[in-house]
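Heads up, the thing below is written out as structure tokens.
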Amino acid sequence: MFNSFKNFFRKRCLRKFSGNATTGIIPLSNIKSMAVFLDVEDQTYDECKNEILAFARDHNIHCEIFYFDFRRIEGGERLITSITNTVLKKDLNWYGRPCREKVDLMLSYESDLFISLIEGAPFPIQYMASCSNAKFKVGRKQIPGNVFDLVIKDPNGQEVSQADMFLEIRKIIEKIG
């Protein structure tokens, strides 16, 4: 009962706040800025971050990396990413929508390319992808409304790290070149 109630609000929220920008596959030469979402619970997130930054440097693209960190941080632990670009569990409302501050930050970068390396399609990434005004959106799993223009799936249901997935995405984007 509670899940159907929560899903009702999620669907309503996506309809209300979805961006209306026309999206599609665009060549690498037209990409001047990008926003990438990483899950810090993936063991390779740091390696992936370095690969993303190298790609951005190689192609003269302004890059902003956002993190999802829904871990429970104990008393002695410290956050390992910038608090500004990190969506924490406490930044989500009761049905999983990220706070306006985090969404506005993402929107302020006016990205040409949106990449979600988050495995699956949890509601917070569905919301961020739907709100984004990026011209080209890439993800690992299609979300309601066919938001992603390019979907790179894990082969044969195997778990693939974010770093490996980004390398595959990079190859495809460079071929579009």
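The values are calculated or read from the model by the stated rules, or taken from the named source; none is laboratory data. Because the structure is predicted, anything quoted here is derived from the model rather than measured. Cβ coordinates were reconstructed from backbone atoms using ideal geometry, including for glycine residues, and neighbour counts include every protein chain displayed. Ligands, DNA and RNA are stripped out before the accessible areas are found, and what is left, the full protein with its side chains, is counted by its heavy atoms. Shrake-Rupley method; radii C 1.70, N 1.55, O 1.52, S 1.80 Å.
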The chain - percent relative contact order, Cα under 8 Å, separation 6 or more:
30 percent
Provide Rg and Dmax in Å for the chain, with only Cα atoms included in the calculation.
15.8, 50
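Answer rounded, prolate or oblate for the range 99-148, using the Cα gyration tensor with square roots of eigenvalues a ≥ b ≥ c: rounded when a/c is under 1.5, else prolate when a/b is larger than b/c, else oblate. Kindly include the intermediate steps, with their values, before the conclusion.
Working: a/c = 1.90, a/b = 1.31, b/c = 1.45.
Judged from the Cα gyration tensor, the range 99-148 comes out oblate (a/c at least 1.5, b/c at or above a/b).
Step by step: find N for the range 47-145, compute 2.2 N^0.38 Å, then divide the Cα radius of gyration by it. What's the final number? All intermediate terms of the calculation are to be shown ahead of the outcome.
Details: Rg = 13.9 Å, N = 99, 2.2 N^0.38 = 12.6 Å.
For the range 47-145, the normalised Cα radius of gyration comes out at 1.11.
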Loop by DSSP (not H, G, I, E, B), at most 14 other beta-carbon atoms within 10 Å: where is the longest site-free stretch of the chain for trypsin sites (Lys or Arg not before Pro)?
79-152
Which of Met34, Cys13, Ala121, positive extreme of dipole for the chain (C-beta unit charges)
Cys13
What list of ³J(HN,Hα) values in whole Hz, one per residue of the range 171-176 in order, does the Karplus curve 6.51 cos²θ - 1.76 cosθ + 1.60 (θ = phi - 60°) give from phi, with Gly and Pro shown as x?
4, 5, 5, 5, 5, 5
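For the range 34-152, report the accessible area per residue in Å² (1.4 Å probe, heavy atoms, rounded to an integer).
Values: 5510 Å² over 119 residues.
Result: 46 Å² of accessible area for each residue.
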Report the Rg/Rh value for the range 7-67, based on alpha-carbon coordinates and the Kirkwood definition of Rh.
1.09
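Probe radius 1.4 Å, ligands and nucleic acids ignored: give me the carbon and sulfur share of the accessible area of the chain as a rounded percent.
Values: 4600 of 9620 Å².
C and S atoms contribute 48 percent here.
Is the shape of the range 89-177 best called rounded, prolate or oblate, per the rule: a/c under 1.5 gives rounded, else a/b larger than b/c gives prolate, else oblate, with a ≥ b ≥ c the square roots of the Cα gyration tensor eigenvalues? Mind showing how you got there, number by number?
Numbers: a/c = 2.09, a/b = 1.38, b/c = 1.51.
The shape class here is oblate.
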Gap separating the Cα centres of the range 78-103 and the range 1-35, nearest whole Å:
17 Å
Provide the per-residue ³J(HN,Hα) series for the range 92-105, in order, calculated from phi with Karplus coefficients 6.51, -1.76, 1.60 and θ = phi - 60°, each as a whole number of Hz, with x at glycine and proline positions.
9, 7, 5, 10, x, 7, x, 5, 4, 4, 5, 5, 4, 4
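Regarding the range 132-177, what's the average projected area of the Cα-atom convex hull, expressed in nm²? Intermediate results must be reported in sequence, preceding the final value.
Details: hull surface 15.5 nm².
Orientation-averaged projected area of the Cα hull: 3.9 nm².
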Under-5 Å amide H pairs with Phe68, H placed in peptide plane, nonlocal only:
Leu38, Asp39, Val40, Val87
Based on the mean of other Cβ atoms within 10 Å per residue, sort peptides 58-65, 119-126 so the most packed one is first.
119-126, 58-65
What does DSSP give for the range 31-102 in terms of the percent of beta bridges that are antiparallel, rounded to the nearest 5?
10 percent
Using a 1.4 angstrom probe and counting only protein chains, how large is the accessible area of Thr23 in Å², to 10?
50 Å²
